[in-house]
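Novice: Before we start, here is the structure in question, set down as structure tokens.
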Protein chains: 2
Amino acid sequence: MPDADDALVVFTPSGRRGHFPVGTPVLEAARALGVDIDSVCGGRGLCGRCQVDLCEGRFSKHGVESWLDHLTAKSDTEQAWETRRGPLCDGRRLSCSTRLLGDAVIDVPVSSQVHRQIVRKRAEALDIELDPIVRLYYVEVQAPDLHAPASDLRRLKDALAHEWQLSELENDIRVVQQLQAALRQGGWGVTVAVYDDRRIIGVWPGFQEQVYGIAVDVGSTTIAAHLCNLQTGAVVASSGRMNPQIRYGEDLMSRVSYIMMNPGGELTMTRSVRDALNALIVEMATEADVRVDAILEATFVGNPIMQSLVFGINPVELGGAPFALATDEAIDGLWATELDLVIHPNARVYGLPCIAGHVGADTAGMILSETPYLGEELMLLVDVGTNAEIVLGNRHRLLACSSPTGPAFEGAQISGGQRAAAGAIERVRINPLTLEPRYKVIGGELWSDEPGFDEGVAPYGVTGICGSGIIEVIAEMYLAGIINQDGVVQGSLAERSERVVADGRTFSYILHRDDNRTLAITQNDIRAVQLAKAALYAGIRLLMEQFGTQHVECIRLAGAFGAHIDVKYAMILGLIPDCDLEHVNSAGNAAGTGARIALLSRRARREIEEVVRRVQKVETATEPRFQEHFVAAMAIPHRHDLFPHLSAHVTLPSVMEQSGGGSSAGRRRGRGRGRRA
Amino acid sequence: MPDADDALVVFTPSGRRGHFPVGTPVLEAARALGVDIDSVCGGRGLCGRCQVDLCEGRFSKHGVESWLDHLTAKSDTEQAWETRRGPLCDGRRLSCSTRLLGDAVIDVPVSSQVHRQIVRKRAEALDIELDPIVRLYYVEVQAPDLHAPASDLRRLKDALAHEWQLSELENDIRVVQQLQAALRQGGWGVTVAVYDDRRIIGVWPGFQEQVYGIAVDVGSTTIAAHLCNLQTGAVVASSGRMNPQIRYGEDLMSRVSYIMMNPGGELTMTRSVRDALNALIVEMATEADVRVDAILEATFVGNPIMQSLVFGINPVELGGAPFALATDEAIDGLWATELDLVIHPNARVYGLPCIAGHVGADTAGMILSETPYLGEELMLLVDVGTNAEIVLGNRHRLLACSSPTGPAFEGAQISGGQRAAAGAIERVRINPLTLEPRYKVIGGELWSDEPGFDEGVAPYGVTGICGSGIIEVIAEMYLAGIINQDGVVQGSLAERSERVVADGRTFSYILHRDDNRTLAITQNDIRAVQLAKAALYAGIRLLMEQFGTQHVECIRLAGAFGAHIDVKYAMILGLIPDCDLEHVNSAGNAAGTGARIALLSRRARREIEEVVRRVQKVETATEPRFQEHFVAAMAIPHRHDLFPHLSAHVTLPSVMEQSGGGSSAGRRRGRGRGRRA
């Protein structure tokens, strides 16, 4: 039987329970029971992180009562906190400043749990435990004593060991440099930042509440970054900007060429990308009203060349075979000052590992975000840019390759092509009877055949066609019979429609014409897309073949391309293999999400480092089967039996069935095999 | 029975022996037997570190033969080495390139042993094993392969694991930045520097032979440094220069005052000492023809204020009670770039630990050099500067304190005082009958009463008196009866000698007079020395009392003062306690020696860190007994029974015996005790 002076307390959701003497602080009871409850200030009523919801005192011998009888009234400490920080939510109490008077059921809300979960977007993936590598601890340090000449640092470490059970701590020299002033300015109370439970990397006078980190995806074209609160996992600001290296070359290889032609050019490029990073950091910190020196961590993903340039590694070896990476390890625990970042000088940087010379940390980020390695389901992950990074596998095995799609999917090398921006055609439909098109442009709400379309696009007009528009218009041209499965514009249709016009020895399709411009889809445009899609599909086929499968169970399309294309059209054109359309989804900026997960979870870092080591790299450049798949993939798919899911969604054109196996693509494929035989 | 195709090999001095197939390289046999033999190049005939001396083939069945029959003839590799590096010493062979043909006795000379000993100066101290924290390793790395896309770093680490059994290595980012160029420039052969067997910190193309370190003693007045070869332990250059901080204040406290008065002054002083360090480094590297980027380690000792300023820590807290150190830990593994040093950018810095606010890393260095903690013998260590650092103890217990002697022992606060430099009087004798003095000056060979003295000192003349001269003249004045045991110049002697002259209400002793100057020892000078020696002796007595001893068994005097004074006079004046004069020695620059030991031996670092933690710090400023000892020590010692060893060397003056216990000093001491009673 519990003592009359004892109170029974039950914590939810953990269900842990125990008896404590009347007068015990709720936080102390929680800790004694091992209940997961946050605190930065060590129970001093400063941080407000240990809030709990108090339920009724169910166990009273006197029937139902208000919980008020079972806990001390709101304390001076809580009132002082409310004065500083605003009123506590209804019913919430600071568990450090509230004492048990009788039995109580006490709920620890998610926001007060140390090890709360970061919700991943994929419902089927396990959530990640919030476990940032940098944590803050407030301590009160003994004042120095002439008779016990332990140094300030030793007394600080003693306090951390005593109050927070952090022992054997190392420290940065800069912490020693700042410590004495901080201790005296804080009246012997300081907040320290501890890295990986083992090293003090920051010290501030008094109580410092928040610590932040940034997760950055450095793309060839765009740099995207998130500023996150490391204690809550929340994204407090996001921003993106063009990669200024574009002035040294639009695509990766032209940047490497620039370095080869201009000794020291790698330093220029490294400086330019770091300058852009700093501008982004300042922009996000300003937006979120966060001091840059409260940013203690940064994580990076990027393709191998971008990752190299951020970390000051000359990428020239990645410009030619054998495409040797300098390192395929994660870059761990690097000082931010080594990258000249304007965040806290002792902040640390983590770079996700690159996988191979063509398969970068961005792919590692995508894998971490989409977690193919966790399930039984066979997943295909695709990130399309100038190169397509392709990952195929499940928990048993993972394969990865990079395939040289070229920039056609990004609107480059296309006569009317442009980046996805206001004015670009992004959706197209063609009437198979009249061959007349209708379309939508980015920034406009209406289809081109709806009243008011011209007014809607007035500020800019129709300026070009972007990647997703290119896919749709070619797929629709195919469905309307304007091109055959070899991609040849059928010149005979010029008799039926003014849209089909001769263009030298080939024919084009006029998609749009106004006073300013004529937007035609030329035979060359179609060839460029065929080359790109053949490269992508050949890479996918190569991985499927090496995996020993004919079918994938789900497809995740990462990046801007994946977010904008209509997957049905991608499948009609044969960019991706047949799959239940329900299981083909955009993964958003999966690489950036991976960087954010690594920022918030130590375990995720170890996980992706381990997974990356197991990824089997497939080199498309030297694999003879890749060439065969590539040749075979030039034609637009026509065999219904290979695309059962697609056939359920669209009616393929009669021209396909007419040409049967006798298409010119089929003949080319036949010749290709003949050479190998 | 060994096989007929086997050879028996015996290695000396280890005595290890074994049978090996004919044709086995000697180095391979040595390694198989665990014989301690050096190599940087891994047996490729590049480094020449594995040289052995070959003895006769004693075990031949055919009687005495030349060893030539038992080993392969000089190989092409050895001849190539000799072409590059000069001929091998007579009989020496490269063990990697010499194979066994028959039985042999092979000697591994000290210079080829990895774990050879660093000889300490004290015969009784254990030698230290040469075990630098940075070592070089040459490896040949597999070229990259498109089909096995391991990064350059991974292949380097694989090679290090395979050839040198170095696994789980970490690395600096700058190694990654330099690796690819180094590998290709070196034709896939590189030398790496590995720190503490766990982290790659440097990489060079091809074979790099040597790695260096610097050991620095940063004194308030002088900075002294040694450049050492980390593989042999040899000092290849030494240099010293004035500490440029002197322009901000002659002594420590005036420098701290400068910082208090000039916010940011600590940055100025840190910059000035680091500039001086860099000038020293360049000077030594030039002298020894060593590239500064071959310097991979630096160790530092200094008093707490100097150590703080080198490491960028504001020393203001050391300017007043409670004299709190920022840190009393060793500063370990710091990047040299954090100190703006011009050595290899990945070089690491080690700062010996400070012991207390007044007892610095220089004292730790002195302890490491003199090793009182190893023996049973009770050792007194004294380093006299503006403060005297005093250490007393043995392997069971160590005590340390700092005592404010002031600068009198350095010639300051003395009317004719000067630093120890050419022209300064350093030795003095006084004829007790005539009271006439004779003396020697620094830079002169002759005593002042010898013919040719004036010519010998002609370039500068007699310019003043330095610390050791002050000690001697006052001791000789005492022995001649010119002063009594209270230090009072006996005015009555003015009748007997023109050397004793009135000076206001007191008397002075004219030590030297020429056309340019009169050098008199005034009553104030004597008082200044009495205050200084009383402080020193009181500190020593305090430690002896706390240790519970009346006698010390040996005394080691560190620094310039210890090197120059005649210990007999120091004992006459009562600077140091009675001790067998045979056991009173100069320790030279013991602090600097400690820095050098820490540079060459990892074990020594752990040793001094552990010892420093056990040192019991005694604070003189607040210890009432210190004041009592101080008052008692003002007088010149007179009790024979307390100085049995001294009495064996000198005849103490009769004035002592006359005054007996009734001296005024004795009376003061009596009063002091009375106040405590």
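Novice: Only one of A:625, A:671 is basic (Lys, Arg) and at pLDDT 85 or above. Can you tell me which?
Specialist: The unique qualifying residue is A:625.
Novice: Taking only region A:467-522 into account, find how many residues are under 18 Å from residue A:438 (Cα atoms), of a type in the set (D, E, K, R) and assigned to a helix (DSSP H, G or I).
Specialist: Here the count works out to 2.
Novice: Wholly within region B:35-131, which strands (runs of 3 or more DSSP E) include no fewer than the required count, namely at least 1 residues that are at pLDDT below 85?
Specialist: It comes to B:51-54.
Novice: While we're on this one: Could you please give the count of residues in region A:591-621 that are within 14 Å of chain B (Cβ to nearest Cβ) and free of Cβ contacts under 8 Å to residues at least 12 places away in the same chain?
Specialist: 1
Novice: A follow-up question, please. Sort out which residues of region A:545-559 are part of a helix (DSSP H, G or I) and either at pLDDT below 90 or of a type in the set (Val, Ile, Thr) (or both), and write them in order of number.
Specialist: Result: A:559, single match.
Novice: Here's a check for you: in region A:323-376, which residue that is within 12 Å of chain B (Cβ to nearest Cβ) and farther than 18 Å from residue A:307 by Cα is surrounded by the fewest Cβ atoms within 10 Å (Cβ to Cβ)?
Specialist: A:345
Novice: Read through the list (1) in a loop (DSSP other than H, G, I, E, B); (2) more than 21 Å from residue B:601 (Cβ to Cβ); (3) not basic (Lys, Arg), then give the number of the only condition that residue B:286 fails.
Specialist: Result: residue B:286 passes all but (1).
Novice: Within region B:5-59, which residues are crowded, with 16+ Cβ neighbours inside 10 Å, under 30 Å from residue B:205 (Cα atoms) and of a type in the set (A, V, I, L, M)?
Specialist: B:26, B:27, B:29, B:30, B:35, B:37, B:40, B:46, B:52
Novice: Counting only residues that are in contact with an Asp or Glu (Cβ under 9 Å, 6 or more places away or on another chain) and part of a loop (DSSP other than H, G, I, E, B), which one in region A:453-466 is farthest from residue A:494 (Cα to Cα)?
Specialist: Filtering first and then ranking leaves A:461.
The rows are residues; the columns are (1) closer than 21 Å to residue A:427 by Cβ; (2) in the same structural domain as residue A:433 (by TED's automatic domain parsing); (3) at pLDDT below 90; (4) of a type in the set (Gly, Ala, Ser).
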| position | (1), (2), (3), (4) |
| --- | --- |
| A:449 | yes, yes, no, no |
| A:455 | yes, yes, yes, no |
| A:464 | yes, yes, no, yes |
| A:472 | yes, yes, no, no |
| A:475 | yes, yes, no, yes |
| A:481 | yes, yes, no, yes |
| A:495 | no, yes, no, no |
| A:505 | no, yes, no, no |
| A:511 | yes, yes, no, no |
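Novice: Return yes or no: is residue A:274 under 30 Å from residue A:177 (Cβ atoms), away from every other protein chain (no Cβ under 13 Å), touching an Asp or Glu at 6+ places or on another chain (Cβ under 8 Å) and basic (Lys, Arg)?
Specialist: yes
Novice: Let me ask something else about it. Could you run through region B:286-322 and say how many residues are at the interface with chain A (Cβ under 9 Å from one of its Cβ atoms), of a type in the set (Gly, Ala, Ser), free of Cβ contacts under 8 Å to residues at least 60 places away in the same chain and out of contact with any helix residue (DSSP H, G or I) (no Cβ under 6 Å at 6 or more places or on another chain)?
Specialist: Count: 0.
Novice: Sticking with this one: Quick one: in region B:162-178, of everything that is in a helix (DSSP H, G or I) and away from chain A (no Cβ under 14 Å), which residue is surrounded by the most Cβ atoms within 10 Å (Cβ to Cβ)?
Specialist: B:164
Novice: Only one of (1) more than 21 Å from residue A:538 (Cα to Cα); (2) touching a Lys or Arg at 6+ places or on another chain (Cβ under 7 Å); (3) outside any strand (DSSP E or B) is not met by residue A:426, so which one is it?
Specialist: (3)
Novice: May I ask you to verify whether residue A:230 is within 13 Å of another protein chain (Cβ to nearest Cβ) and buried (at least 22 other Cβ atoms within 10 Å of the Cβ)?
Specialist: Spelling it out, it is not the case that residue A:230 is within 13 Å of another protein chain (Cβ to nearest Cβ) and buried (at least 22 other Cβ atoms within 10 Å of the Cβ).
Novice: Hey, among the residues in region A:199-216 that are aromatic (Phe, Trp, Tyr) and part of a strand (DSSP E or B), which one's farthest from the other protein chains (Cβ to nearest Cβ)?
Specialist: For region A:199-216, the residue satisfying everything is A:212.
Novice: Further question: Name, by its number, the condition in (1) closer than 24 Å to residue A:558 by Cα; (2) over 22 Å from the mean Cα position of the chain (by Cα); (3) at pLDDT below 95 that does not hold for residue A:325.
Specialist: (3)
Novice: From B:293, B:328, which residue is of a type in the set (Asp, Glu) and more than 26 Å from residue B:227 (Cβ to Cβ)?
Specialist: On inspection, the qualifying residue turns out to be B:328.
Novice: Every residue in region B:179-198 that is outside any loop (DSSP other than H, G, I, E, B), buried (at least 19 other Cβ atoms within 10 Å of the Cβ) and either more than 14 Å from chain A (Cβ to nearest Cβ) or not small (Gly, Ala, Ser) (or both), please.
Specialist: B:179, B:180, B:183, B:189, B:190, B:191, B:192, B:193, B:194, B:195
Novice: Okay, next question. Inspect all residues belonging to region B:473-496 and state whether any of them is in contact with an Asp or Glu (Cβ under 7 Å, 6 or more places away or on another chain) and either buried (at least 21 other Cβ atoms within 10 Å of the Cβ) or touching a residue at least 12 places away in the same chain (Cβ under 8 Å) (or both).
Specialist: No, that holds for no residue.
Novice: Inspect all residues belonging to region A:560-574 and state whether any of them is part of a helix (DSSP H, G or I), among the β-branched types (Val, Ile, Thr) and more than 28 Å from residue A:216 (Cα to Cα).
Specialist: yes
Novice: Turning to a different aspect of this structure: So residue A:308 clears everything in (1) of a type in the set (Ser, Thr, Tyr); (2) assigned to a helix (DSSP H, G or I); (3) more than 23 Å from residue B:151 (Cα to Cα) except one condition, right? Which one?
Specialist: Of the numbered conditions (1) of a type in the set (Ser, Thr, Tyr); (2) assigned to a helix (DSSP H, G or I); (3) more than 23 Å from residue B:151 (Cα to Cα), the odd one out for residue A:308 is (3).
Novice: Oh, and also: Just to be sure, is residue A:429 surrounded by fewer than 20 Cβ atoms within 10 Å (Cβ to Cβ), touching a strand residue (DSSP E or B) at 6+ places or on another chain (Cβ under 6 Å) and either away from every other protein chain (no Cβ under 14 Å) or of a type outside the set (Gly, Ala, Ser) (or both)?
Specialist: yes
Novice: Shifting gears a bit: Out of all the residues in region A:274-282, is one or more touching a Pro at 6+ places or on another chain (Cβ under 6 Å) and buried (at least 17 other Cβ atoms within 10 Å of the Cβ)?
Specialist: Among the residues of region A:274-282, at least one is touching a Pro at 6+ places or on another chain (Cβ under 6 Å) and buried (at least 17 other Cβ atoms within 10 Å of the Cβ), which makes the answer yes.
The values are calculated or read from the model by the stated rules, or taken from the named source; none is laboratory data. Since this is a predicted model, take the numbers as computed values, not measurements. Heads up, the Cβs are rebuilt from the backbone with ideal geometry, glycines too, and the neighbour counts pull from every protein chain shown.
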